[in-house]
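One structure below.
The values are calculated or read from the model by the stated rules, or taken from the named source; none is laboratory data. Everything numeric in this text was worked out from a predicted model, so none of it was measured. FYI the Cβ positions are ideal-geometry reconstructions off the backbone, even for glycines, and counts take in every protein chain you see.
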Amino acid sequence: MLFLLLGFACQKPEAPAEYTLYAPVRSEITYLIDEKGEVVHQWKANTQTGHEALLMEDGALLRAGKLNHPLFGGGGQGGRLEILEADGTVRWRWDCATTYLQHHDIELMPNGNILLVAWEEKTDHQALAAGRAPSSISADGLWPDCLLEIKPIIPDKHEVIWEWHSWDHLIQDLDKKKPNFGKPSDHPERINLNYGAYDDRKREEVLEEMRKLVELGYLDSELLEEEENRPVERPRIKADWMHTNAISYNPERDWIALSLRNFSEIWVIDHSTTSAEAATSQGGKSNMGGDILWRWGNPAVYGRGSQESRQLFGQHDVRWIPKGWQGAENLTVFNNGEGRGWSSVDEITLPITAEGFAKMPAQKPWGPVKPSWTYSASNKRSFFSGHISGANRLANNNTLIAAGEQGRIFEIDLTGKTVWEHQVPKERLGKTSRPPRGPGRERPEGKRGGRGGPDGRPGGRGGPGQGGLWRAYRYNTTHPGIRALLGSGK
């Protein structure tokens, strides 16, 4: 009997059961699956995802939904934030104000507030007055990104707690008589207003990419039709200037990391400012206000590098490694490889000191010189998802990867070995219906607006195709949301 008791005492406790959450781009359903790929729970909404969905600690789902809008429209558009109970009942819902449109990503903060990325409108007159080149302003004006921290107020209200606007941190070297004149290379903490004016690719290359994005459900077919009908002699100018596609919060440092696809850069900014300080270059723990604390990936943006020094290629899903984990305060990112032809997942060790970031050397880009860890396939071009996609480090030091174009989710260890894999079934990738109209105004004269046809009705739908996957998240039975949702015995 003693031997049996000792043997029982030496047995290892059973490992927590693992669950994976994902919200396909073209679907209105968010899925939670077990390790075998079986659906153990799902939430059904009445809008296509917009694109993020996160499990909360009480088992509810925080998600973004896609709305049409009288002005803004493009890849990644959302516009609705909502919290769904386990049975799909709406606990809280907020449709963005007319002056903004939430897009791509949201972040649930430890205090229960929500950080979101949004487009805000700048007219052609405002862009010209700020020093934007006249030939690089679209018919829709310019859509610089801003960040809002909001507090949900049930059932359908919110309070803006903090805000940051990229428009407050510009530098331009076009016109001495206009604000913020200076050399971008002398001010890497600021944003070059005239970077990224044109899409100078060949027309058929642009159309081929847009057709793929329509099939994935990421882009509305009306935008493809607009491009197909655009006069060839007119340059393709992007109102969606930065295309910020990821936001991640570091609670220990009170920093925010951003991923800007159109710049192929990662930025870090200070969240410890007030909203008033965030509009300046002073204040906060960094005493830099809302200026950029650190940036990495493409130093040509601020005039301190060339194509050879570029590290990021249309990346997505920048994410802090949490405190207490191996590599804590490093960043991971899905490096899509746009223009490179193969994808990687990179870990970046930031140049952090006790005071914050190490000072940038004069006329040199911020470090590091290269990622501290990277994953790519042995046959590099066999792992390539040029759009959407994500990756995040797990508590066991493995990395969960979502190859969005293929609908493939897999987990790798630090050696790159695949230890778990799931191919999302085609029937779950979904077909989108027309998105509902958000709160808005009549379409401004001369603007293309709501992407719903000439009368501005709700519109936008993907074309035929398999659909795509935005990201995936891993939770186990130690997570309170899993216990609340499935029960402690699961």
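Answer yes or no as to whether S309 is more than 16 Å from L258 (Cβ to Cβ), at pLDDT below 95 and polar (S, T, N, Q). In short, yes.
Remark: Q77 falls outside the filter, which requires a residue to be of a type in the set (S, T, N, Q), without any contact (Cβ under 8 Å) to a residue 24 or more places away in the chain and touching a Leu at 6+ places or on another chain (Cβ under 9 Å).
Apart from one condition, A118 fits all of (1) in contact (Cβ under 8 Å) with a residue 60 or more places away in the chain; (2) buried (at least 21 other Cβ atoms within 10 Å of the Cβ); the exception is (1).
Restricting attention to the stretch 263-284, the residues that are buried (at least 18 other Cβ atoms within 10 Å of the Cβ) and not aliphatic (A, V, I, L, M) total 10.
Taking (1) assigned to a strand (DSSP E or B); (2) under 20 Å from the mean Cα position of the chain (by Cα) in turn, V40 satisfies each apart from (2).
Consider R457 carefully, then state whether it is buried (at least 16 other Cβ atoms within 10 Å of the Cβ) and either closer than 23 Å to R393 by Cβ or at pLDDT below 95 (or both). No: the conditions fail for R457.
Table: residues versus (1) surrounded by fewer than 18 Cβ atoms within 10 Å (Cβ to Cβ); (2) at pLDDT 95 or above.
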{"residue": "A127", "(1), (2)": "no, yes"}
{"residue": "S135", "(1), (2)": "yes, no"}
{"residue": "W143", "(1), (2)": "no, yes"}
{"residue": "L147", "(1), (2)": "no, yes"}
{"residue": "I154", "(1), (2)": "yes, yes"}
{"residue": "P179", "(1), (2)": "yes, no"}
{"residue": "D199", "(1), (2)": "yes, no"}
{"residue": "E226", "(1), (2)": "yes, no"}
{"residue": "N229", "(1), (2)": "yes, no"}
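Just one of the listed residues (Y218, Y195) is over 19 Å from Q77 (Cβ atoms), part of a loop (DSSP other than H, G, I, E, B) and under 22 Å from the mean Cα position of the chain (by Cα), namely Y195. Inside the stretch 29-67, residues that are buried (at least 21 other Cβ atoms within 10 Å of the Cβ) and in contact with a Ser or Thr (Cβ under 8 Å, 6 or more places away or on another chain) make up a count of 14. Residue count for the stretch 398-423 satisfying the condition of being closer than 21 Å to Y475 by Cβ and within 21 Å of the chain's Cα centre (by Cα): 11.
All conditions in (1) among the hydroxyl-bearing types (S, T, Y); (2) over 28 Å from W294 (Cβ atoms); (3) at pLDDT 95 or above hold for S185, with the sole exception of (2). Residues that are farther than 26 Å from E252 by Cα, part of a strand (DSSP E or B), charged (D, E, K, R) and without any contact (Cβ under 8 Å) to a residue 60 or more places away in the chain: does the stretch 84-103 have at least one? No, the stretch 84-103 contains no residue that is farther than 26 Å from E252 by Cα, part of a strand (DSSP E or B), charged (D, E, K, R) and without any contact (Cβ under 8 Å) to a residue 60 or more places away in the chain. Is it the case, given these coordinates, that H69 is within 26 Å of S248 (Cβ to Cβ), at pLDDT below 95, of a type outside the set (S, T, Y) and within 17 Å of the chain's Cα centre (by Cα)? In short, no. The requirement of being under 30 Å from E85 (Cα atoms), touching a His at 6+ places or on another chain (Cβ under 6 Å) and modelled with pLDDT of 95 or more is not satisfied by I161.
From the list N245, N287, N250, the lone residue that is modelled with pLDDT of 95 or more and surrounded by fewer than 15 Cβ atoms within 10 Å (Cβ to Cβ) is N287.
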